[in-house]
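**Q** I have a structure I would like to understand better, so I am pasting it below and will then ask my questions one at a time.
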Amino acid sequence: MMATGQLRWLALTAAVIGLDQWSKRLVEGALEMYEARYLLPVFNIVRAHNRGAAFSMFDSASGWQRWAFSGLAVVVSVSLTIWLSRLERRAHLLAAALALILAGALGNVIDRLRLGYVVDFLQVHWHQHYFPAFNVADSAITIGAGCLLLDALLASRRGAGA
């Protein structure tokens, strides 16, 4: 019998991928490249394309990064799915973390394979200082990583109290 562990959390993964892809297509249809819509004094919607990794590292490389980052995302996604399938049923925070990271990895790899770049559009700034644009998939990875850290912290406290 195949272990199912926490595979039910793949529903969260699917929902986040759907939101990510929908929001990117909405931005692609509504904004020209680098066009910005100012929503708050510290937040914009701006259309940007990232051919590289986080914070546009390797963005201007010769094209190898599309396939390297896509391959890495697929390997990570398979690993996360296997991890989810082996989790205990009570490991909810860890399962949510893995599901969010998986969603982010797959959301961005869909862009890389479909377009050759990742669509970014969320931009935080303070006066003239701008944080690099990001997207829903990046946010899911960041929240998932935070949940992983929180889960590890809580697990270490449970272990210390035992």
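The values are calculated or read from the model by the stated rules, or taken from the named source; none is laboratory data. Quick caveat, the model's predicted, so the values are computed rather than measured. With ideal geometry, Cβ positions are generated from the backbone for all residues, glycine too; neighbour counts draw on all protein chains shown.
**Q** Out of the residues in the stretch 123-140 meeting the condition of being in a loop (DSSP other than H, G, I, E, B) and free of Cβ contacts under 8 Å to residues at least 40 places away in the same chain, tell me which one is farthest from His49 (Cα to Cα). Full working, then the answer.
**A** If we filter the stretch 123-140 for residues that are in a loop (DSSP other than H, G, I, E, B), which is where we start, we get 127-128, 131-133, 135.
Next, only the ones that are free of Cβ contacts under 8 Å to residues at least 40 places away in the same chain stay: 127-128, 131.
Numbers: His127: 23, Gln128: 21, Phe131: 15 Å.
Going through the qualifying residues, I end up with His127.
**Q** Out of the residues in the stretch 25-57 that are assigned to a helix (DSSP H, G or I) and either modelled with pLDDT under 95 or touching a Gly at 6+ places or on another chain (Cβ under 8 Å) (or both), which is surrounded by the fewest Cβ atoms within 10 Å (Cβ to Cβ)?
**A** At the first step, the residues of the stretch 25-57 found to be assigned to a helix (DSSP H, G or I) are 25-30, 54-56.
Filter again for either modelled with pLDDT under 95 or touching a Gly at 6+ places or on another chain (Cβ under 8 Å) (or both), leaving 54-56.
Details: Ala54: 14, Phe55: 12, Ser56: 16.
By that ranking, first place goes to Phe55.
**Q** Inside the stretch 71-120, can you point out the residues that are in a helix (DSSP H, G or I), of a type outside the set (Ser, Thr, Tyr) and closer than 16 Å to Thr4 by Cβ?
**A** Those that are in a helix (DSSP H, G or I), of a type outside the set (Ser, Thr, Tyr) and closer than 16 Å to Thr4 by Cβ: Leu80, Ile82, Trp83, Leu84, Arg86, His92, Leu94, Ala95, Leu98, Ala99, Leu102.
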